[in-house]
Amino acid sequence: MNRNRTLTLALLGAVAIAPTAFAQDGIDTRSKRFAIVGGYALAEPTQDPTIAGTKAKVDGDGAATLSASYYITDNFAIEAWGAADKFGHRVNTAAGKTASVAAQPYALSGQYHFGSASQTVRPFVGLGYFESNFSEETATPTGPLAGQRIGVDTAKGAMATVGVDANFHPNWFARADVRYLHGKPDVAINGVDSGEAKLNPVVLGVGLGARF
């Protein structure tokens with residue numbers, strides 16, 4: 001968690017200084033309306049759920065991500081984003097490892113990119129809707145839920161994004177972003193409601209993008 005917090009603060013600092021530090025014109029991308037980004041992200045839950053009356057700690061994990069954007073104007077874009085692979089999460093309680101689960105989020109959001117299309121560095125913010133599918137819910141054979149069937153509903157809710165693009169070619173750019181996913185899916189054990197998997201993860205990502 002400390003690693004993610006440090007990287008998040010560094011990225012937010014970069015976003016804050018970018019408009020003044022890189023206000024000069026650089027690479028002109030005004031004719032480019034589509035962009036795709038392939039990258040890697042770390043998902044770290046910000047809250048600990050209570051399952052069957054027991055407080056649980058859910059570990060974070062990393063996965064590959066993909067996004068596709070259409071720029072309506074030089075400043076406004078619509079982005080489809082998602083994990084290309086699953087984030088694997090280990091669930092721990094005071095009794096030790098209790099279960100494991102995989103999550104695969106995807107989202108649609110609107111974004112505002114600051115400055116002009118010819119700036120070398122462009123910060124952006126976004127707001128949208130996400131869903132995260134949970135699968136591979138497995139109780140640890142020696143844990144307190146051994147032999148029981150665990151199910152986690154699909155997480156749904158709002159997603160906020162802050163990031164920055166660094167243009168180094170008319171068709172290529174680097175990206176760093178932080179996403180906050182807010183949702184509270186229900187958890188069932190043997191078909192009985194047993195709490196909420198309110199993880200509200202922060203997803204910290206970096207990637208390489210192509211614009212055309």
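Here's the yes/no breakdown for (1) at positive phi; (2) surrounded by fewer than 17 Cβ atoms within 10 Å (Cβ to Cβ); (3) without any contact (Cβ under 8 Å) to a residue 40 or more places away in the chain; (4) out of contact with any Leu (no Cβ under 8 Å at 6 or more places or on another chain):
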position: 100; (1), (2), (3), (4): no, no, no, yes
position: 126; (1), (2), (3), (4): no, no, no, yes
position: 155; (1), (2), (3), (4): no, no, no, no
position: 160; (1), (2), (3), (4): no, yes, yes, no
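Residue count for region 29-50 under the criterion of being touching a helix residue (DSSP H, G or I) at 6+ places or on another chain (Cβ under 9 Å) and basic (Lys, Arg): the result is 0.
Looking at region 21-90, none of the strands (runs of 3 or more DSSP E) lying wholly inside it contains 2 or more residues that are of a type in the set (Gly, Ala, Ser) and more than 20 Å from residue 208 (Cα to Cα).
A single entry from 123, 170, 144 fulfils the requirement of being at pLDDT 95 or above, more than 15 Å from the chain's Cα centre (by Cα), over 17 Å from residue 200 (Cβ atoms) and not aliphatic (A, V, I, L, M): 123. For region 122-161, the candidate set comprises residues that are out of contact with any Ser or Thr (no Cβ under 9 Å at 6 or more places or on another chain) and not small (Gly, Ala, Ser); within that set, the residue that is farthest from residue 192 (Cα to Cα) is 123. Of the residues making up region 128-137, those that are within 17 Å of the chain's Cα centre (by Cα) and surrounded by fewer than 16 Cβ atoms within 10 Å (Cβ to Cβ) number 1. Answer yes or no as to whether residue 175 is crowded, with 22+ Cβ neighbours inside 10 Å, touching a strand residue (DSSP E or B) at 6+ places or on another chain (Cβ under 6 Å) and part of a strand (DSSP E or B). No, not satisfied.
Residue 91 meets each of the listed conditions (1) modelled with pLDDT of 95 or more; (2) more than 12 Å from the chain's Cα centre (by Cα); (3) buried (at least 17 other Cβ atoms within 10 Å of the Cβ) apart from (1).
If you filter region 181-212 down to residues that are surrounded by fewer than 17 Cβ atoms within 10 Å (Cβ to Cβ) and closer than 28 Å to residue 32 by Cβ, you find that the one that is farthest from the chain's Cα centre (by Cα) is 212. Taking the conditions exactly as written (modelled with pLDDT of 95 or more, surrounded by 13 or more Cβ atoms within 10 Å (Cβ to Cβ), among the small types (Gly, Ala, Ser) and more than 30 Å from residue 148 (Cβ to Cβ)), does residue 117 satisfy them or not? Against the criterion (modelled with pLDDT of 95 or more, surrounded by 13 or more Cβ atoms within 10 Å (Cβ to Cβ), among the small types (Gly, Ala, Ser) and more than 30 Å from residue 148 (Cβ to Cβ)), residue 117 does not qualify. In this structure, does residue 130 turn out to be under 16 Å from residue 202 (Cα atoms), of a type outside the set (Gly, Ala, Ser) and part of a strand (DSSP E or B)? Taking the combined requirement at face value, the residue satisfies it.
What residue, of 116, 67, is within 15 Å of the chain's Cα centre (by Cα) and farther than 18 Å from residue 194 by Cα? Just one listed residue meets the conditions, 67.
Can you find, within region 57-88, the residue that is surrounded by the most Cβ atoms within 10 Å (Cβ to Cβ) among those that are among the hydrophobic types (A, V, I, L, M, F, W, C) and out of contact with any Ser or Thr (no Cβ under 8 Å at 6 or more places or on another chain)? Only one residue tops the list, namely 87.
The values are calculated or read from the model by the stated rules, or taken from the named source; none is laboratory data. None of these values were measured; they are calculated from a predicted model. When we count neighbours, we look across all protein chains shown, and the Cβ atoms used for this are built from the backbone with ideal geometry, even at glycine.
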